[in-house]
Each structure stands twice: as structure tokens, then as C-alpha cells.
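Structure first, then comments.
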Amino acid sequence: MAYATGMTLASKTIFPLCSRTFLTPLRVASLFGFPEKTSSSTFFTRVQDTSTTRLFSSVKCSTSSLETGENQPASRPNVVDILQERGLLESITSENLRSTCSDPNVAPLKVYCGFDPTAESLHLGNLLGIIVLSWFQRCGHQAVGLIGGATGRVGDPSGKSLERPELDAATLEKNIAGIKKIIVKILGGNNAARSYVIFNNYDWWKDMTMLDFLKKVGRFARVGPMLAKESVKTRLESEQGMSYTELSYQLLQGYDFVHLFDKEGVNVQIGGSDQWGNITAGTDLIRKILQKTEEAAYGLTFPLLLKSDGTKFGKSEDGAIWLSPSMLSPYKFYQYFFSVPDVDVIRFLKRLTFLSLDEIKVLEDEMKKPGYVPNTAQMKLAEEVTRFVHGEEGLKEAMKATEALRPGAETKLDWNLIERIAEDIPTCSLPVDRVSGVSIVDVSISAGLFESKSAARRMLKQGGVYMNNERVDDENKRVEEDDIVEGKGLVLSSGKKNKVVIRIS
């Protein structure tokens, strides 16, 4: 359900505090003036880079446990140390989390990561959160996925220069279903024995009135620290400013942690480094509302995934790298990782796969040797990440399409395979009389593979033209009836990357 607008305070719908109609026009700066300067809390810890020291490289969290004695409980691998070693740890709210996570006398942690339903699919930027959850799973803890059915109606201002567009109820429900399907497939599909659960925060926000919110949460929130959050300060200094609705987001996310801690026993929240302010808002509210010590609940952030040039990793020329196969085929997903430059591939193997660091070190050493086969490390990266997201069947589909589209490949093309790969490469429709019996030069120009006959002939002489993966050496070659796969079409290629599927209309 969408937020209702124009409700009375007693109305039992999600509290009108979040109504964009009511509150979006209110600018935070006009209400509070300039942000207060506040000192950072002393118990928050920023993790220093220790990549020069390779610790715990042989730890395999997928093993059940390490025995410590006949009458003693089994210990768990230290997931925090493992995350730090792999470059997946930015900050933690307390160093006690490091000892607690492997203490055999402490119950396994319940760790959650939130995902707002801003689209029907999660994208590559969300993948790190799922990977970190999976590391906790593999080390004996419970993973919790929280879908923001309520917070998605507001929109997280973190890292955004403009307020997010409002989504209607039908779109939100569609997005929630799509995201839930992805989380279930990844966290549950790789190992059915691993523990995970999924919640929707709309379930506890839908009956909260504005008066309830102000009483339960608002009176514990200090305006100064709220305005001092980096994501808020950046927006306040911008020309667009920030609405009160957006300012309230950190309290909504903070109370999510309170609710999950109190009702479900969830004691760790994880997120990207841009979520630090929202996460610490939650640990702060747990101490104030539930009267807990700072060691009762923890926050952990991981660095954003960046390329070596400092730009975000996860965008292609066609847009976001989606995790749903309906929005981005496993083949294109695989190809995106296969094209990672050498300078980034080892770092991404550490962060995006579950290969041991010893295995990754072997690949790194091989890359420096004269006989190294180019893209071997990239192929391993693409295989591991595609398997994690799309499963074995998705990986098989991606590799079959990759092989089928490789010029000179021995894979025999059938029309079903061509139909699948046609979703990922340019296609055109031509009548049969413009294909059958027509020269390969004319057909390639009609299909848009070349701009001129001279360009086509030049590539033919260089041996770079392929029809259905077979090299065409004769520039006078004509397309024969047997060249048309099942009478429905064919694939023409110019070099390794330029391809077109021709459908017979």
C-alpha cells in the first residue's frame, strides 16, 4: 500500500510524517538553520587498511566449526577478521564485535542488511551487502534480509543530490516481490542448510501514527546529530536542500534496527560506507529506547565497490548491472566481469568471490609470468560471481552463449540458442529474398554490420568475417539456403565483438 495523504493523526495508516504531499515542501534548513557541530562518539571504530598483512588466508568459513575440546563448545571462524583481510571492512561501531563473532560461548549473531525497493531488481551495488551476509552465514551466523516496503516510500537521501521519485503502490509491490525472489535465490539457493530470514519493514510501520512515532522515536532523537550526518550536510549545502521527509529517513532506518533487535533478536546491521550515519542512528536509538549498553548491538560497514580510477564499479554503457536475469541476462552479467581490467581483477576476486586467498594469490602470481594466458583471472571472476548470483544453470547458460558467440567456436548453433543470445546483441529482420542467394557483402551491409562494401571486403580479406561462427574466406561468397539455421535466421560477426542476428521475416 502507498502512503495515504491528508490523514488525521489518529488514522491507523503508516504515519503521515512520511507523506510527501504534506512534508516534502518543508525544507530542513529553514526549520533548523545551520547544522550543529557535534563530536563523534568515542566507541565508533574506523578500521585501518591492513592489506599488507595476509592473515587468516587459509580460513574456510564453509566448514562447520573448529573443535576446541571434548567438553567445550565449537568455535566459529572470525568473520570480521576475514572481511577485513578481503577488503570488505570499512568501519565497526565496537571492536567487541570482532571477539563476539567467534566466541563459542556467545550465541551466533543475527545480521541484517536493508534493501529499499526502488527497482524491480537489486543491482551490483547491492551485491556487496549480500556477499557480506553470506560470509556471516558461512561462519555460522544467521543472515537477515530486510526489504524496505515502508522506507522505500520515503527514499534514502544518502549519496543522492535530488529527492528520489515517489513510487505508486503497485510498483512498490512488484519491486518488493522481485527483490525478495533474488535474496531467496542467492542466500538460500547456494546452500539450503544456511540460515536466513526475510522481513518487510512495512509490517511494523503500517499501523504507526505520527503521534506514536513522535512518542516512541522522535523524543529520543537529537536534532544536532541528525543535521551533522554527512549525507544531510551535503544536501543542506546544495541548491535543492532537503525535505523533512528525507531527514526523517535516518530515524525510520534507526527504528528498524530497534524493532528487529527487540522483537527478532537481530544484533548487527551491515551496509555500505555511505550508510554509516543511518546505522549509528539505529545503535543510538537501541541504547536510548531499550536502555541497552553500546555492546548490545553493532554496526558494520564495507567500502563501496570502486574501480582503480575511483569511479563506481557497477555501471555499463547500457546502465546498471542488474542481478535479475529478466533485466540482464546471465550472459551479459558474465561478460561484464570478464571485461574487468587486469589492474582491478585481483581486488575484485577478493571482494566478490569466496575463493581462498591462497587460490587468488596463485592467480595473481600467474599474471606476472611470461606464459600467462590473458583473461584467465577475469574468467575465474566471471564464473564465480555468475554462479553465486545465477546458480549453476545460469552459469552454464552464460558460458554456452559465450562459447556460441566466439568466432571460430565449434559449438553448433541451433535456433533456440540464437534466440537466447539475440536478447544481448543487435538483431534485424530481412526478407528471405534479401538473404538467400545474396552475397555476404550485401547481406552484411543490409544487416548494419558494415557501413560500406569496401569496409566489408577489407574485413573479409583480413579473415575477420564469420557466418554462424565459421570464417568466410571468399569475398564472393553468397548465403545459401543451408546457411540459414532452421530456415529462421543466421549470425554474422565482424571480429570478436561486432555481431548481428538476422531474422528471416
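Observations, loosely collected:
- Per-region count, region 122-147, residues small (Gly, Ala, Ser) and in contact with a Pro (Cβ under 9 Å, 6 or more places away or on another chain): 1
- In region 297-313, the residues that are in contact (Cβ under 8 Å) with a residue 24 or more places away in the chain and of a type outside the set (Phe, Trp, Tyr): 297, 299, 300, 301, 303, 304, 305, 307, 308, 312
- Qualifying residues in region 272-296 (those that are without any contact (Cβ under 8 Å) to a residue 60 or more places away in the chain and in a loop (DSSP other than H, G, I, E, B)) - the one most open to solvent (accessible area, probe 1.4 Å): 291
- Residues considered: 257, 213. Of these, the only one that is more than 31 Å from the chain's Cα centre (by Cα), touching a residue at least 40 places away in the same chain (Cβ under 8 Å), surrounded by 14 or more Cβ atoms within 10 Å (Cβ to Cβ) and assigned to a helix (DSSP H, G or I) is 213.
- Looking across region 260-271, just one residue is touching a Gly at 6+ places or on another chain (Cβ under 7 Å) and either of a type in the set (Gly, Ala, Ser) or in a helix (DSSP H, G or I) (or both), and that is 271.
- Within region 193-209, residues that are at pLDDT 90 or above and open to solvent by less than 30 Å² (accessible area, probe 1.4 Å) sit with their Cβ atoms under 7 Å from residues that are part of a loop (DSSP other than H, G, I, E, B) and among the β-branched types (Val, Ile, Thr), at 6+ positions apart or across chains, in these pairs: 205/14; 208/14.
- Scanning region 297-312 for residues that are open to solvent by 60 Å² or more (accessible area, probe 1.4 Å), in contact with a Phe, Trp or Tyr (Cβ under 7 Å, 6 or more places away or on another chain) and not in a strand (DSSP E or B) yields a total of 1.
- Pairing residues of region 416-434 that are surrounded by fewer than 17 Cβ atoms within 10 Å (Cβ to Cβ) with residues that are assigned to a loop (DSSP other than H, G, I, E, B), at Cβ distances under 6 Å and at least 6 apart in sequence or on separate chains, gives 423/329; 428/447; 429/505; 431/505.
- Hits in region 239-254 - residues which are without any contact (Cβ under 8 Å) to a residue 40 or more places away in the chain and more than 17 Å from residue 216 (Cβ to Cβ): 239
- Near pairs, Cβ below 8 angstrom, 6+ apart or cross-chain, from region 328-355 (outside any helix (DSSP H, G or I)) to any residue that is among the acidic types (Asp, Glu): 329/397; 329/423; 329/424; 353/384; 354/384; 355/384
Quick grid of which residues meet (1) modelled with pLDDT under 90; (2) open to solvent by 40 Å² or more (accessible area, probe 1.4 Å):
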| position | (1), (2) |
| --- | --- |
| 463 | yes, no |
| 468 | yes, no |
| 476 | yes, yes |
| 480 | no, yes |
| 485 | yes, no |
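- Checklist (1) closer than 23 Å to residue 416 by Cβ; (2) surrounded by fewer than 19 Cβ atoms within 10 Å (Cβ to Cβ); (3) under 41 Å from the mean Cα position of the chain (by Cα) applied to residue 489, failing item: (2)
- Residue 403 passes every criterion in (1) buried (at least 19 other Cβ atoms within 10 Å of the Cβ); (2) over 20 Å from residue 185 (Cα atoms) apart from (1).
- Which numbered condition residue 455 fails, given (1) aliphatic (A, V, I, L, M); (2) open to solvent by less than 50 Å² (accessible area, probe 1.4 Å); (3) in contact (Cβ under 8 Å) with a residue 12 or more places away in the chain: (3)
The values are calculated or read from the model by the stated rules, or taken from the named source; none is laboratory data. Given the structure is predicted, the values throughout are model-derived calculations rather than measurements. We place every Cβ from the backbone using ideal geometry, glycine too, and count neighbours over all the protein chains shown. Keep in mind that these areas ignore ligands, DNA and RNA; they rest on the heavy atoms of the full protein, side chains included. Shrake-Rupley method; radii C 1.70, N 1.55, O 1.52, S 1.80 Å.
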